[in-house]
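The values are calculated or read from the model by the stated rules, or taken from the named source; none is laboratory data. Note that the coordinates shown come from a computational prediction; the quantities given were computed from them, not determined experimentally. Note: ideal-geometry Cβ built from the backbone for every residue, glycine included; neighbour counts use all protein chains shown.
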Amino acid sequence: MPPESVRRSSRIPKQINVLLVGSDTEGKVFSEQTKTVLLSRHGAGIVSRYKLSAEQELILRRLDTNKEAEVRLVGRIGVEGEVYTYGVAFLDSTNNFWGMDFPAPSEAEKRMRMVSLECGSCQTKETVEQSDLESDVYRINEGIVRYCKKCGSSTFWKGASGDVEEAPVMVERVPGRSMGWVPEPEQASAPVAVAARAEPVPAVHRANRRKYVRTKVNFKACIRSFTNGDDIVICEDVSRGGLCFKSRKPYSENFRVEVAAPYTPGVPNFFTPAEIVYVQELKDEKKFRCGVAYLKSSRNR
């Protein structure tokens with residue numbers, strides 16, 4: 001592990017209440033209110049009671065600001081009982097999601113980020129510049145899960161043996177396998193045990209990503225409008241840019257609404273201005289499938 005002064009240079013132990021939306025390793029969709037234990041310019045350490053896998057994509061929402069971002073799960077970094085600690089990385093690393101300034105990496109940390117890796121499937125070798133989180137994870141797990149262009153999938157990479165065959169790849173990436181630093185007890189309310197070294201995982205196919213990653217869900221939302229009032233519907237998928245739902249009430253394209261998703265009756269819910277951008281009539285179900293896009297001013301809050 002890096003020295004204390006290096007490990008803490010670009011990470012901040014902090015708890016922020018968040019909503020995590022995605023699916024677990026069994027394919028079950030979940031929407032979980034949880035918290036961070038660690039913040040980074042590139043992502044965060046988040047606790048969850050669900051079993052998740054590296055490279056899957058989820059939706060992360062701050063409950064204090066309702067700001068959303070798509071994240072990639074980079075791996076498990078700790079476990080205590082039935083509670084897991086995961087590292088997640090922003091797909092859009094240019095967005096200051098936490099609204100705070102992080103210390104610049106030290107020269108020692110920059111040197112440690114450069115590492116020669118070898119794909120465990122095809123033995124392709126690359127020299128890459130890892131993010132602070134990738135660097136930590138690589139040292140804890142003695143390897144990292146990352147995308148291999150030759151394999152066309154995510155594979156487990158270990159330290160390369162011998163000379164590197166390909167030219168160095170200098171990339172400013174979001175984190176890879178998992179985050180390898182956990183706050184000590186005095187920095188967080190509950191200590192998190194460091195996970196054992198991860199075993200290589202099977203290659204996972206990575207589909208081409210849309211502008212906004214969609215996550216399959218199955219929870220209630222409220223579509224509020226002057227015409228239909230409060231329409232309680234079931235969401236089929238969500239993304240940072242909007243959502244898709246089914247309703248028995250007819251909507252038209254370009255129709256302005258307000259959306260609360262997920263929606264919980266009897267408690268305060270946050271409504272976001274949005275617009276219906278797609279309508280499909282489902283005659284067999286006597287319903288309509290509607291696509292909603294959040295208005296830009298509200299999506300970037």
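Since Met112 meets every condition but one in (1) without any contact (Cβ under 8 Å) to a residue 12 or more places away in the chain; (2) more than 21 Å from Leu20 (Cα to Cα), which condition does it not meet?
With (1) without any contact (Cβ under 8 Å) to a residue 12 or more places away in the chain; (2) more than 21 Å from Leu20 (Cα to Cα) applied to Met112, the lone miss is (1).
Is it the case that Leu243 is modelled with pLDDT of 75 or more and within 30 Å of Ser154 (Cα to Cα)?
yes
Quick check on the range 122-138. Is at least one of its residues among the hydrophobic types (A, V, I, L, M, F, W, C) and farther than 15 Å from His42 by Cβ?
yes
If Glu253 meets every condition in (1) assigned to a strand (DSSP E or B); (2) at pLDDT 90 or above apart from one, which number is that one?
(1)
Residues are listed down the side, and each one gets a yes or a no for (1) assigned by TED's automatic domain parsing to the domain that holds Gly152; (2) at pLDDT below 90; (3) not basic (Lys, Arg):
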| residue | (1), (2), (3) |
| --- | --- |
| Tyr50 | no, no, yes |
| Asn66 | no, yes, yes |
| Arg72 | no, yes, no |
| Val83 | no, no, yes |
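When the range 265-298 is examined, which residues are found to be out of contact with any Cys (no Cβ under 6 Å at 6 or more places or on another chain) and of a type in the set (A, V, I, L, M)?
Val267, Ala274, Val277, Leu282, Val292, Ala293, Leu295, listed by residue number.
Condition check: surrounded by 14 or more Cβ atoms within 10 Å (Cβ to Cβ), more than 20 Å from the chain's Cα centre (by Cα) and among the polar types (S, T, N, Q). Does Ser239 satisfy that?
For Ser239, the condition - surrounded by 14 or more Cβ atoms within 10 Å (Cβ to Cβ), more than 20 Å from the chain's Cα centre (by Cα) and among the polar types (S, T, N, Q) - is not met.
Counting only residues that are out of contact with any helix residue (DSSP H, G or I) (no Cβ under 7 Å at 6 or more places or on another chain) and closer than 11 Å to Trp157 by Cβ, which one in the range 107-122 is surrounded by the fewest Cβ atoms within 10 Å (Cβ to Cβ)?
Only one residue fits best here, namely Cys122.
For the range 230-258, give me each residue that is among the charged types (D, E, K, R) and closer than 13 Å to Glu275 by Cα.
Result: Glu253, Arg256, Glu258.
Report yes if some residue within the range 278-286 is within 22 Å of the chain's Cα centre (by Cα) and either assigned to a helix (DSSP H, G or I) or not charged (D, E, K, R) (or both); otherwise report no.
No, the range 278-286 contains no residue that is within 22 Å of the chain's Cα centre (by Cα) and either assigned to a helix (DSSP H, G or I) or not charged (D, E, K, R) (or both).
Being free of Cβ contacts under 8 Å to residues at least 12 places away in the same chain and buried (at least 16 other Cβ atoms within 10 Å of the Cβ) is the filter here, so list the residues in the range 250-301 that pass it.
If the condition is that a residue be free of Cβ contacts under 8 Å to residues at least 12 places away in the same chain and buried (at least 16 other Cβ atoms within 10 Å of the Cβ), then no residue fits.
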